[in-house]
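Chemist: To start, I am sharing the structure in question, which I have written as structure tokens.
Derivation of every value follows stated rules applied to the coordinates shown; laboratory data play no part. On a predicted model such as this, the values are computed, not experimentally measured, just so you know. We place every Cβ from the backbone using ideal geometry, glycine too, and count neighbours over all the protein chains shown.
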Amino acid sequence: MTQIDDVRVPAQSGGRTPTELVQDYAAAWNAHDGAAVAALVGGSYVDPTLPEPLSGPAIAAMVDGLCAAFPDLRFEHVSSTEQGDRVVFEWRMQGTNDGAPLPGAPAATGGTIDLAGVDVITTTGGRIVDVIGYFDQKAFVEQLGLQTFIAPKDEWPVAFGTSVRMDLGHTAPPGAMTFTWIELEEGEEGELISRTTDILTALASEPSFLGFQSTTVGNRNTTMTLWTSPEAAEVALARNTPHNDARGRVERDRFGVRGFTSFWKPFRTNPQFVECGCGRHVPFVEGPAATCECGTQHEASPYA
């Protein structure tokens with residue numbers, strides 16, 4: 001493999017061979033020059049992370065955004081094969097996400113990538129027409145320490161999303177629940193994740209806090225938080241500085257576009273049960289443990 005460091009991006013690409021154009025293209029990426037990449041691509045650019053092909057200024061913005069997230073981003077040349085006006089360019093993308101956060105993330109992950117990929121680059125008349133990138137999007141995400149999920153396609157009125165649970169191991173029945181939802185404007189997701197993380201970190205040491213679960217579907221985030229009692233919950237929330245700051249952000253700065261908050265006290269809580277190996281359902285009537293009629297002992301799962 002060779003690094004593409006010494007290829008100068010020409011002001012005019014006329015007369016360049018397809019292979020030379022690909023060298024110019026890779027050099028512009030390694031120079032972190034989105035405008036130069038966009039100037040070289042006369043048609044469109046597309047890769048597995050994009051919902052549709054990009055062109056012109058959108059290409060420049062995409063390149064600049066990726067380089068902002070990976071300040072040390074480099075592409076190493078593995079091989080290139082010229083077939084008429086088309087070049088198959090094999091590369092390795094390397095870098096560390098210690099710059100700007102990726103879309104939807106509250107902060108940079110600090111993770112590194114070493115990802116193989118291929119660009120199929122079509123040229124004509126000494127100019128790049130189209131670039132189609134191929135790489136493993138799942139590997140890209142997981143190398144950064146993130147997770148990937150596969151969900152069914154949304155079919156109205158049902159939509160699918162992701163969920164987060166904070167489990168501290170409590171088995172006490174909840175004596176209160178706060179239930180909230182907020183719909184966000186585009187670009188607010190990262191701040192919501194960051195503020196939620198700060199709130200939960202502060203709550204983790206509160207004896208009245210039993211657990212938390214949230215779901216995100218589209219632009220709506222819904223949370224369910226469990227407490228030992230309404231009175232204890234109010235005390236805990238009143239002294240939770242990140243929670244109070246977030247409330248102020250919503251109320252004074254118009255964060256989010258719609259929302260709902262509520263405080264619930266259980267009408268009835270039924271005991272947990274577990275299926276024993278003998279086939280019986282064993283209820284946890286008292287305490288975090290129960291013994292089946294067959295003699296097998298079981299432990300309750302946390303409520304949150």
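Chemist: Would you please give the FRET efficiency between E275 and S205, computed as 1/(1 + (r/R0)^6) with r the Cβ-Cβ distance and R0 = 35 Å, to the nearest 0.05? Can you show the working numbers first?
Modeler: On the way: r = 34 Å, r/R0 = 0.98.
That gives a FRET efficiency of 0.50.
Chemist: By DSSP, what percent of the beta bridges with both residues in the chain are antiparallel, rounded to the nearest 5?
Modeler: Details: 67 of 71 bridges.
Restricted to the chain, the bridges split so that about 95 percent are antiparallel.
Chemist: Sticking with this structure for a sec: How charged is the neighbourhood of H170? Take every other residue with its Cβ under 15 Å from the Cβ of H170, and add Lys/Arg as +1 and Asp/Glu as -1. Mind dumping the intermediate values first?
Modeler: Working: positive: R165; negative: D167, E206, E299.
So the surrounding residues net to -2.
Chemist: Residue separation times 0.36 nm, minus the C-alpha to C-alpha distance between A289 and E183: what's the value? Walk me through the numbers before you get to the answer.
Modeler: Working: separation 106, 0.36 × 106 = 38.16 nm, distance 4.00 nm.
Gain on extension, A289 to E183, equals 34.2 nm.
Chemist: With Cβ to Cβ distances under 12 Å as the rule, what net charge do the other residues near V282 carry (K, R +1; D, E -1)?
Modeler: -2
Chemist: Follow-up. In deg cm²/dmol, rounded to 500, what helix-only [θ] at 222 nm does the chain give when every DSSP H run of at least 4 residues adds -39500 (n - 2.57) and the total is split over its residues?
Modeler: Details: 7 runs with 77 residues, N = 304.
Computed ellipticity for the chain at 222 nm equals -7500 deg cm²/dmol.
Chemist: Where does helix 57-69 land angle-wise versus the long Cα axis of the chain, in degrees 0 to 90, nearest 10?
Modeler: Around 60 degrees separate the two axes.
Chemist: Excluding T122 itself, what net charge comes from residues whose Cβ is under 13 Å from its Cβ, given Lys and Arg +1 and Asp and Glu -1?
Modeler: -2
Chemist: Which loop trypsin sites (Lys or Arg not before Pro) in segment 209-262, with loop taken from DSSP, have no more than 11 other Cβ atoms within 10 angstrom of their Cβ?
Modeler: Values: sites: R220, R239, R247, R249, R252, R254, R258; in loops: R239, R254.
Listed in order of number, the matching sites are R239, R254.
Chemist: Restricting to DSSP loop positions (anything but H, G, I, E, B) with no more than 13 other Cβ atoms inside 10 Å of their own Cβ, which trypsin sites (Lys or Arg not before Pro) remain in segment 90-197? Walk me through the numbers on the way to the answer.
Modeler: Working: sites: R92, R127, K138, K153, R165, R195; in loops: K153.
Sites meeting the loop and neighbour criteria: K153.
Chemist: Return the unpartnered cysteines for the chain, using a Cβ-Cβ cut-off of under 4.7 Å.
Modeler: Cysteines of the chain left without a disulfide-compatible partner: C67.
Chemist: Can you work out the base-10 log of I(q)/I(0) for segment 183-288 at q = 0.18 1/Å, using the Debye formula on its C-alpha atoms alone?
Modeler: Values returned for q = 0.18 Å⁻¹ are -0.99.
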